[in-house]
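**Q** I am attaching a structure below and will ask some questions about it afterwards.
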Amino acid sequence: MYFSVHHKSFFTQNGRFDFPVMSLRAEAAQCGGVVVEFESDDIRQARKSRSITGSALIYLKGPKFLIYVSGALSMWGDRMWHFAISVFLIELYGRNLLLTAVFGLVVAGSVLLLGALIGDWVDRNPRNKVAHASLFIQNISVTVCSIVLMLVFSYKEWIEQIWDGWLTVVCYTVVIILADVANLASTALTIAIQRDWIVVITGYNRGHLAGMNATMRRIDQVTNILAPLAVGQVMTLASNVVGCGFILGWNLVSLIVEFIFLSRVYRIVPALSVKPQVDEEEDQDFLESHGDRTSSQGDCPLRAAAELTEGNCNISLNLKEITNLPVCFQRFKCLLSTCKEGWQAYYRQPVFLAGMGLAFLYTTVLGFDCITTGYAYTQGISGSLLSLLMGVSAITGLMGTVMFTKLRKAYGLVNTGVISSCLHLGCLLLCVCSVFAPGSPVDLSLLMPLSEPNGTAAGSGGVEGQSQKHTWILWGSNQPLLPDRSSIHWTNNTVLFDNIPSGNTPDSYISIILLFLGVITARVGLWSFDLTVTQLLQENICESERGVVNGVQSSMNYLMDLLHFIMVISAPQPQHFGILVIISVLFITTGHTMYFLYARKAKRKHQLDT
């Protein structure tokens, strides 16, 4: 029997030492002996360190880490741009909110109308081409838009003198169009990476999928706070031109890094190069529910759009026309059919109610957007305190992502959504209580101005006296929309003003404390519920329809988000905010009720299957 040790000495039958290990191993092999190795503690620790280092290098080169870094760069750029473009548009149009409102309407309307087409385009094309095209269009659009803004800010007076000022209007139009194109490309990239690539990378493992979803959401929460603050500091300390240049440089660098990382992920995950087509069985099921069609693989953007009554809606100019309409009208009709089939595909999904429930949560003023923060400012909350509350809300959002992973592992995905819904609704009850708590400015009589025609006359008391106590800073009747630039301070999602009098402080801060306590704590359940529905969509939608269904989901989200802005436009005064809070809670309750119905249906189906 032969024994060897790593420090190059060994023990044999004759008791001699100091022979080389290699000679021992050779001799043992020749004699048929067995080599038994002894490792010293130092060698064992060195081997363990090498193992840890190797594992770390493998992770850093792996697809998950590359997706995280690429996603962080993309989210950081998106957050900076979304914040900066709103401020730039305010500055461009004489510090008026008109351009910002138009931009918001264009962005929401374009995603609402084109969401299905974007998702279908993601489905029809190879994954690498979709990701690269979306990435390129997004970053180049932002880059060109930044250049246009730099030129407008630098030569604004000269531009206003050309064509009697119409060149300025052209510049405004170009900026809004480019920004909208960038947002559409960002939507396509989000659908492709966060709704499709992640599912394939995790190998359809539910545990790994939940982990990646939670990590991506944590990155989004952190960038949502830090990115606007970073670009806001640049704009405040330097100028708008420097801010545009900063965003321009970031997008160019980000474009290169993201392109390289996504290309590597595509190479090291072979499954990404395989995109299944709709099989004949799925086609037959679709035919039975939606009528006949002339070909199993139509030429319309959506594969299922081929079951038009006219037959195969081919948009190619070389194909024989099947109708008497001009080619342009055929293409337009085909696009409409694509949108229609996309919405029908969304409705057919088993998780339709869960997706609708998530969309209803967008109709709310109970978040850290310009509406809620503007209301808080009228109630005597300082800008520094608002920034602190935003940071706390980000922390609670991160807690929601952690809670999601633990609840999903312990109770399953569907039950996690139920628990998250109950937690979300329970916390929002604090917001409802704030409407009736001491210090609340709510006045239901303001919803009926015609019943008291003399109450709103200039110089009269009553209602106007109370209205003057809490002046709405954005829609005040006797004040400019924005003060001088020297008094503007940019924060994460709002514009705060120092020189506008906020009126008398409220008699009590109980109302505003309850409001923000409810908003902040509710984010734990909110983000856990959001991740639950996101993973349900990932797991239950067939791969061939994953893009178009998620595109329609984005459209639904934007539609419900538009409703909440319509609510604010209809009731803009601080005294109306309590009504908006109650309406928001009703919409959220409706959304969670839809999810409860889905959960009940899913559990029944599971019981029948077992």
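The values are calculated or read from the model by the stated rules, or taken from the named source; none is laboratory data. A quick note: this is a predicted structure, and the numbers were derived from the prediction, not measured. Don't worry about glycine lacking a Cβ; one is built from the backbone with ideal geometry, like all the others, and counts go over all protein chains shown. Quick note on the areas: whole protein, heavy atoms, side chains included, nothing else; ligands and nucleic acids left out. Shrake-Rupley method; radii C 1.70, N 1.55, O 1.52, S 1.80 Å.
**Q** Would you mind checking which residues have amide H under 5 Å from GLY439's amide H? H placed 1.01 Å from N; only 5 or more apart, or other chain.
**A** The answer is SER508.
**Q** Under 13 Å from the Cβ of ASN540, count the other residues' Cβ atoms, weight Lys and Arg +1, Asp and Glu -1, and hand me the total.
**A** +3
**Q** What list of whole percents do you get for P(r) of segment 98-243, with Cα-Cα distances grouped in 10 Å bins up to the one holding the largest distance?
**A** Reading upward from the zero bin: 10, 28, 35, 19, 7, 2, 0.
**Q** At most 15 other Cβ atoms within 10 Å and a DSSP loop assignment: could you name the GluC sites (Glu not before Pro) in segment 509-610 that fit?
**A** Hits after loop and neighbour filter: nothing returned.
**Q** For segment 387-404, just list the computed ³J(HN,Hα) in residue order, Karplus coefficients 6.51, -1.76 and 1.60, θ = phi - 60°, integers in Hz, with x standing in for Gly and Pro.
**A** Values per residue, Gly and Pro as x: 4, 5, 5, 4, x, 5, 5, 5, 5, 5, x, 5, 4, x, 5, 5, 4, 4 Hz.
**Q** Please report the accessible area of ASP220 (heavy atoms, 1.4 Å probe, ligands and nucleic acids excluded) in Å², nearest 10.
**A** Its accessible surface works out to 20 Å², give or take rounding.
**Q** Grab the other residues whose beta carbon is less than 14 angstrom from that of TRP527, score K and R as +1, D and E as -1, and report the net. Walk me through the numbers before you get to the answer.
**A** On the way: positive: ARG217, ARG218, LYS406, ARG408, ARG523; negative: ASP220, ASP530.
Once all neighbours under 14 Å are counted, the net charge is +3.
**Q** Still on this structure, please answer the following. Using the basic label-point model (7 angstrom from Cα toward the beta carbon), what is the LYS601 to ALA271 distance in nanometres?
**A** 2.8 nm
**Q** Related question: For ILE256 paired with THR593, estimate the spin-label separation in nm (one decimal), with each label point 7 Å from Cα along the Cα-to-Cβ line.
**A** 5.5 nm
**Q** Return the FRET efficiency for the residue pair ASP609, SER239: r is the Cβ-Cβ distance, R0 is 51 Å, and the value is rounded to the nearest 0.05.
**A** Values: r = 63 Å, r/R0 = 1.24.
After rounding to 0.05, the efficiency reads 0.20.
**Q** Now, a different point. On the protein heavy atoms, probe 1.4 angstrom, tell me the percent of accessible surface of segment 521-610 carried by carbon and sulfur.
**A** 65 percent
**Q** Around MET390, with a cut-off of 15 angstrom between Cβ atoms, what is the net charge of the other residues, counting Lys and Arg +1 and Asp and Glu -1?
**A** Details: positive: ARG79, ARG523; negative: ASP220, ASP369.
So the surrounding residues net to 0.
**Q** Continuing with this model, one more query. Which residues in segment 112-148 place their backbone N less than 14 Å from a point set 7 Å from the Cα of ASN540 along the Cα-to-Cβ direction?
**A** Answer for this model: none.
**Q** Hey, what do the phi angles of segment 572-579 turn into as Karplus ³J(HN,Hα) couplings, whole Hz, using 6.51/-1.76/1.60 and θ = phi - 60°, x for Gly and Pro?
**A** x, 6, x, 5, 8, 4, x, 5
**Q** How would you order 353-363, 234-244 from highest to lowest mean count of nearby Cβ atoms within 10 Å?
**A** Per-residue Cβ counts within 10 Å, averaged per peptide and sorted highest first, yield 353-363, 234-244.
**Q** Another question about this same structure. Give the calculated FRET efficiency between VAL170 and SER263 to the nearest 0.05, with a Förster radius of 45 Å applied to their Cβ-Cβ distance.
**A** On the way: r = 37 Å, r/R0 = 0.83.
Approximately 0.75, to the nearest 0.05.
**Q** Under a 1.4 Å probe, what is the accessible area of segment 195-244 per residue, stated in Å²?
**A** On the way: 1770 Å² over 50 residues.
Counting only protein heavy atoms, the per-residue value for segment 195-244 is 35 Å².
**Q** Now for a separate question. How many nm separate the modelled label positions at PHE329 and GLU157, each set 7 Å beyond the Cα in the direction of the Cβ?
**A** Those two pseudo-labels are separated by 5.4 nm.
**Q** Holding the Cα-Cα limit at 26 Å, pick out from LYS64/LYS605; LYS64/LYS603; LYS406/LYS605; LYS275/LYS605 the pairs that are longer than that.
**A** Flagged as over cut-off: LYS64/LYS605; LYS64/LYS603; LYS275/LYS605.
**Q** Work out the FRET efficiency for SER508 and VAL102 from their Cβ-Cβ distance, taking R0 = 45 Å, and round it to the nearest 0.05.
**A** Computed FRET efficiency for SER508 and VAL102 comes out at 0.70.
**Q** About the Cα centre of segment 66-129, what is the dipole size in debye to 20, counting +1 per Lys and Arg Cβ and -1 per Asp and Glu Cβ, all else neutral?
**A** 120 debye
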